[in-house]
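Okay, structure first, notes after.
The values are calculated or read from the model by the stated rules, or taken from the named source; none is laboratory data. For clarity, every value in this text was computed on a predicted model and none was experimentally measured. Here the Cβ positions follow ideal geometry from the backbone for every residue, glycine too, while neighbour counts run over all protein chains shown. When the accessible area is computed, the model is the full protein with side chains, heavy atoms only, and any ligands, DNA or RNA have been set aside. Shrake-Rupley method; radii C 1.70, N 1.55, O 1.52, S 1.80 Å.
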Amino acid sequence: MEPISKRLKIVEEVTGSTSIQAADSTAINGSITPTDKRIGFLGLGLMGSGIVSNLLKMGHVVTVWNRTAEK
């Protein structure tokens, strides 16, 4: 059997993505216009609550559902 690394074609893609700090500064500088579409979010765990919080800070309208109503 040959090693898996020889059987797989590994492709690297340069996306030109920005860092989290750059995205934060874009949001703070007001470069993001809230969408007129409705955003729905399921689950407010550690990651979901942070995402929804950021969407709300930027002026988006967000509807959420979570198993635990207290959250």
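Structure notes:
- Selection from region 46-71 of residues that are at pLDDT below 90, open to solvent by 50 Å² or more (accessible area, probe 1.4 Å) and part of a loop (DSSP other than H, G, I, E, B): Met58, Arg67, Thr68, Ala69, Glu70, Lys71
- Beta carbons closer than 8 Å, at least 6 apart along the sequence or on distinct chains, pair a first residue in region 56-70 that is under 13 Å from Lys37 (Cβ atoms) with a second that is open to solvent by less than 70 Å² (accessible area, probe 1.4 Å) and in a strand (DSSP E or B) for His60/Ile39; Val61/Ile39; Val62/Ile39; Val62/Gly40; Val62/Phe41; Thr63/Ile39; Thr63/Gly40; Thr63/Phe41.
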